[in-house]
6 protein chains.
Amino acid sequence: MNIVLQNIERADLETVAGLAEAGVATVHEAQGRIGCLASYMRPIYAGARIAGSAVTISAPPGDNWMLHVAIEQLREGDILVLAPTSPCENGYFGDLLATSAMARGCRGLVIDAGVRDIRDLTQMGFPVWSKAISAQGTVKETLGSVNIPVVCAGQAIEAGDVIVADDDGVCVVRRTDAKAVLAAARKRMDAEEAKRQRLTSGELGLDIYDMRPRLASKGLKYV
Amino acid sequence: MNIVLQNIERADLETVAGLAEAGVATVHEAQGRIGCLASYMRPIYAGARIAGSAVTISAPPGDNWMLHVAIEQLREGDILVLAPTSPCENGYFGDLLATSAMARGCRGLVIDAGVRDIRDLTQMGFPVWSKAISAQGTVKETLGSVNIPVVCAGQAIEAGDVIVADDDGVCVVRRTDAKAVLAAARKRMDAEEAKRQRLTSGELGLDIYDMRPRLASKGLKYV
Amino acid sequence: MNIVLQNIERADLETVAGLAEAGVATVHEAQGRIGCLASYMRPIYAGARIAGSAVTISAPPGDNWMLHVAIEQLREGDILVLAPTSPCENGYFGDLLATSAMARGCRGLVIDAGVRDIRDLTQMGFPVWSKAISAQGTVKETLGSVNIPVVCAGQAIEAGDVIVADDDGVCVVRRTDAKAVLAAARKRMDAEEAKRQRLTSGELGLDIYDMRPRLASKGLKYV
Amino acid sequence: MNIVLQNIERADLETVAGLAEAGVATVHEAQGRIGCLASYMRPIYAGARIAGSAVTISAPPGDNWMLHVAIEQLREGDILVLAPTSPCENGYFGDLLATSAMARGCRGLVIDAGVRDIRDLTQMGFPVWSKAISAQGTVKETLGSVNIPVVCAGQAIEAGDVIVADDDGVCVVRRTDAKAVLAAARKRMDAEEAKRQRLTSGELGLDIYDMRPRLASKGLKYV
Amino acid sequence: MNIVLQNIERADLETVAGLAEAGVATVHEAQGRIGCLASYMRPIYAGARIAGSAVTISAPPGDNWMLHVAIEQLREGDILVLAPTSPCENGYFGDLLATSAMARGCRGLVIDAGVRDIRDLTQMGFPVWSKAISAQGTVKETLGSVNIPVVCAGQAIEAGDVIVADDDGVCVVRRTDAKAVLAAARKRMDAEEAKRQRLTSGELGLDIYDMRPRLASKGLKYV
Amino acid sequence: MNIVLQNIERADLETVAGLAEAGVATVHEAQGRIGCLASYMRPIYAGARIAGSAVTISAPPGDNWMLHVAIEQLREGDILVLAPTSPCENGYFGDLLATSAMARGCRGLVIDAGVRDIRDLTQMGFPVWSKAISAQGTVKETLGSVNIPVVCAGQAIEAGDVIVADDDGVCVVRRTDAKAVLAAARKRMDAEEAKRQRLTSGELGLDIYDMRPRLASKGLKYV
């Protein structure tokens, strides 16, 4: 029942890098407005923008043992994703675990629970998106699993899925969709650039997108 | 039922500028401790201090169509105020809409819902006070209204009311009260300056405000 | 029933300074994983790290009168700790009270309610950990007590207990345990240093802490 | 600044009775999907269905003095509506105040705060819709106002507006709209009856409302 | 992108009936402590105990159009499961939809959003587990999907999975695990019966489960 | 560090019975408006009214082992009080533990976490006040303590303190204050009876309590 899946497939690093550059909002739109984790998942410091392959962790409330197990599974470019089996805000993760994860090439942590040693993590440049900041410690008594499918902050995530995270929050992209989503995201960014210039010059979205007839037909009245 | 009120009255820009300088806490006190929006309305970055005339938006959950309609109604010095018709955290607003709003002279957004493109908005210097940060996108299918009275984060706001917003949150001042509130705010700031100096020198509020007799008469015991 | 306890015992300032340096997470662990206040208690700005002796305040909702009373009781190195008698988010404390508290040697405020004048407090370097940021004002009508035992954000705190606060939140240490907790914290920090170096070099926690046999005996399966 | 408005206009009792019978969901729909108070406003017992004219109360957190003032303003068929000036869960109201309100013809209480003596209120048949059930007591120290416009649980309410409340929550109807809303509600109920019979017989909403073509044109695919 | 999956597999009705009888807590334990939806999912009335095959709905916030689409897909013994694409408390479902769903053999609704017409649903005996009770209406403008995998209240659910719901909340069982889980649940119930009798007679769990040695070895001290 | 305190003092059963009869709201007022647990502590069924001596439990999140230890410490008339060491909603307690606790004379459970088997507990007449109802199970891996001081739902509680619980929630009375509080509660009930009769006859609180002069002096204006 408690397992560690050791061989997981990952998206190629180039695609992952492209998704990081596109950012959460664009990626979310490009894949049809799906994949956003709950809005309570906030970064511990501003400015981080990452993408990586998910190494998933299912852990009991208040028990961070499986983080040690998961770190062994990390490869360059991975992101740890921890979902507790019931709601918990304990600080599962701090500077020592971050040191270990960074040594294995990990780019960050997404955790539907708490994190601590914020000051150190910020100085190390190890970004975390979490539900809470909490110094409350954990035990190492009960098993969980690594690289099984989890639900984290409202999204189903499988090991190897691509996680994109920035100041807007966190988004998940199915591993097998990553390339297509990146293509769609780039197309979207190109289209936005043209619109941005027209909007900057004072043109209205009402006109650029030709919204006036549809607004009128729906019954909007100007008084 | 879905309307856009086009001609709204606004407070004069000088009064508005004075209220921005006074700040949320002082303005709130000066008008008799009323007008604060709910404390969950937080700025997306620290340090912004603005005031402006409200252009109000009533929008369905998950539908940002009316923002495009509202932007046409903006004048120099306005602030967009969006209240969803039921609780929603979607990201109604991002960098493209901000570009358009800024081109029309808009000073910021107050939204009882979500906002996205935080990094871009911060770089553009377009401040937002919101309930959530969320990349979750919206549709353009259902009408709302612009410049009708709304309840936003617990306060009734009418188009043309003055919105004051800073690191302490957001406060609304009735348009017709703006001048009187500014006068009261200035009086309060002058009075505070004298107190600040006495307090800095170590004098106690207990003595400055002559609180000891009243505390004693209420029954406070020193042990 | 409403009292001010004037003579409270405090931990010595050197011990307090040591606890500040150790920080919240380490102190919490060192005393057996107890003492953390609720995770909703967040600093108004990043980077503050303080410890001090608690001057406690029990105050009614929406009434900050007792803060004036408490400030008289402050000595160099103290921290104000306010617990409302029922949940409240009003802004009990702002720049004038901070000016007064600083003049008396106060190092900061821990308040299970709201605070305002964030910009000023940040510029003054007066740190606050609070449940909310709110400009909503208070009255001075109803008595509370000073230096009685309170429950603040989920922790029982007595006057003179040591409060440690940093970016991870707030922790309380019983006054009489302070010396022993500091010793344990220092021991822990020393032990962590060695581990940090091994982890940096890529060694795994699984091996450093010899976790593999126990994981296997509990039934963890590698697939 | 603290006032009691003594002469307020009310909707006629017959219209009010009709709205009670229609119920919250129907009335809300009939007036264009507006007027619902926040969903956290729950009845203290199941089965109550009332409507009445609002006697509004703006009260400080933790202070129920104004309830005594408001009770004098009650007439047969009124409903008390209390909005605290900042979020509060104290138990402002219990069996003694209910006894007094009932003696004045009051039909119930809508309070964006706490209530207590649930057992007694249930036995008396005095319904309350509240944010919380709490025994935490209040003081009588600070003035508020009676019959001024308030925002209660997200809705702007004026004295004399019609409050409709049942197991689905609470809805407000502008006094001057009451008759028209009742007419629309009755029309809606008649229309629903016919639909109910068709649905009971197994006919689908897809067919009754002719939704299939529009679903197809929007792009819904059956797989 | 918006699809209706028409042919889904279901567990046999006998297994489903057995799981209903076992109840949520037992089923959850029997399948290894997984599958519980979030604790905020509460029944609209006490005493309902059901199980059925999930017909899943992914719907936009504030838009209940897909419920009409889903009802056509219902078979005897099914349960509707609705997950909004972003958090929403609107009342998506009321007595008319319940009438229609019952006519198609539906046993109940599990909705991570709001429901209304509580009184009618209770009288009809149509049970609902929801996040909120809300009369706030919805529109029919934007497509969603039916019978795609969803995350509802923290659990991943696929069409045809077995939903078990009672006063303790809601649990999901993978369709392909249903038989095995039922067998394990029955075993567990048998084992509990013997324990219940020993506990009733005053015997202690400490002795029945032989906990004393392990407690002692972990270091528990009796004082 | 993990201990079980075996010999605790209790209030006499007669005093406890008197406090149960007085009820939560009255006891809370009689002891000076202190002692109410947070309002989220709700009974699993309506109508229970109990008082008893606290047997306290400090337990890790998601681990109910200490409940078995605590049950051995129960005597006739006790109430179990469980506080998790960090926020948790798991269902720590169900019908088997209730069977065991009842066999030892226990009157109920107050738990700042979750409970399950609601249907069975209701049928057994074993009342529980909890933060959540949740079927999510727990483990038995990590020690806690029994009969140490805890903070439960915002109140500091010591073993042997008297717990009073009814439909209004939960209140704690210090063991050594129990007799005095009961006397004050009875006095209060007597006084209320006279007031109830006057209020029933239509007399106003404004007059009974002679509030008009003080309201006028504070500045209340009748318009």
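The values are calculated or read from the model by the stated rules, or taken from the named source; none is laboratory data. In this text the structure is predicted, and so the values were computed from the model without any measurement. Neighbour counts are summed over all protein chains in view; Cβ atoms, including those assigned to glycine, are modelled from backbone coordinates with ideal geometry. Surface areas here come from the heavy atoms of the whole protein model, side chains and all, with no ligands, DNA or RNA. Shrake-Rupley method; radii C 1.70, N 1.55, O 1.52, S 1.80 Å.
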Compute the label-point distances linking B:Gln123 to its equivalents in the other copies; points lie 7 Å from Cα along Cα→Cβ; give nm, one decimal, shortest first. 2.9, 2.9, 6.1, 6.4, 6.8
Accessible heavy-atom area order of A:Asp112, C:Asp12, highest first, probe of 1.4 Å: C:Asp12, A:Asp112
How high is the relative contact order of the range F:1-85, in percent, with contacts defined as C-alpha pairs under 8 Å that are six or more residues apart? 29
With 10 Å bins from 0: P(r) over chain A, alpha-carbon pairs, percent: 8, 32, 31, 15, 9, 5, 1
Residue of chain B whose Cβ sits closest to the axis mapping B onto A, with distance in whole Å: B:Ala46, 6
Environment charge at C:Arg104 (Cβ cut-off 12 Å; Lys +1, Arg +1, Asp -1, Glu -1): -2
Within 10 Å of each candidate Cβ there may be at most 14 other Cβ atoms; applying that plus a DSSP loop requirement, which GluC sites (Glu not before Pro) in the range F:1-62 survive? F:Glu9
Length-normalised contact order of chain D, Cα under 8 Å, at least 6 apart, in percent, tallies to 30
For chains A and E, what's the summed buried accessible area, probe 1.4 Å, to the nearest 100 square angstrom? 500
Report, to the nearest whole %, how much of the accessible area of the range D:140-210 belongs to carbon and sulfur atoms, 1.4 Å probe, protein only. 49
What does the accessible area per residue of chain F come to in Å², with a 1.4 Å probe and no ligands, DNA or RNA counted? 35
Relative to the other copies, what are the label-point distances for D:Tyr209, with labels 7 Å from Cα along the C-beta vector, expressed in nm at one decimal and sorted shortest first? 2.4, 5.0, 5.0, 5.5, 5.7
Sum up the charges of everything whose Cβ sits under 11 Å from the Cβ of E:Ser39, counting Lys and Arg as +1 and Asp and Glu as -1, but leave E:Ser39 out. +2
Can you give the % of DSSP beta bridges in the protein assembly as shown that are antiparallel, to the nearest 5? 45
Under 13 Å from a label point 7 Å along Cα→Cβ of A:Ile208: give me every residue in the range B:102-131 with its amide N that close. B:102-104
In nm to one decimal, list the spacings between the A:Arg186 label point and its equivalents in the other copies, with label points set 7 Å along Cα to Cβ, shortest first. 5.8, 5.9, 5.9, 6.6, 8.5
To the nearest whole number, what is the average tally of beta carbon atoms from other chains within 10 Å of the beta carbons of peptide C:142-150? 3
Compute, for D:Ser201, the solvent-accessible surface of its heavy atoms (probe 1.4 Å) with the complete set of protein chains present, and express it in square angstrom to the nearest 10. 90
What order, most packed first, do the peptides C:37-48, D:186-197 have when packing is the mean number of other Cβ atoms within 10 Å of each residue? C:37-48, D:186-197
Under the rule a/c < 1.5 gives rounded, and otherwise a/b versus b/c splits prolate from oblate, where does the protein assembly as shown land using the Cα gyration tensor? rounded
Mind checking which aspartates and glutamates have their C-alpha under 15 Å from F:Lys195, skipping anything on the same chain fewer than 8 residues away? D:Asp95, F:Glu203, F:Asp207, F:Asp210
F:Arg196 to B:Asp12: FRET efficiency via 1/(1 + (r/R0)^6), r the Cβ-Cβ distance, R0 51 Å, to the nearest 0.05? 0.35
With all protein chains in place and a 1.4 Å probe, B:Leu13 shows an accessible area in Å² (nearest 10) of 90
To the nearest 10 square angstrom, how much accessible area does C:Tyr209 have with a 1.4 angstrom probe? 80
For peptide D:76-82, how many partner chain Cβ atoms fall within 10 Å of a residue's Cβ, on average? 0
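So for the range D:30-157, averaging the separation of alpha carbon pairs under 8 Å that are six or more residues apart and normalising by length, what relative contact order in percent results?
34
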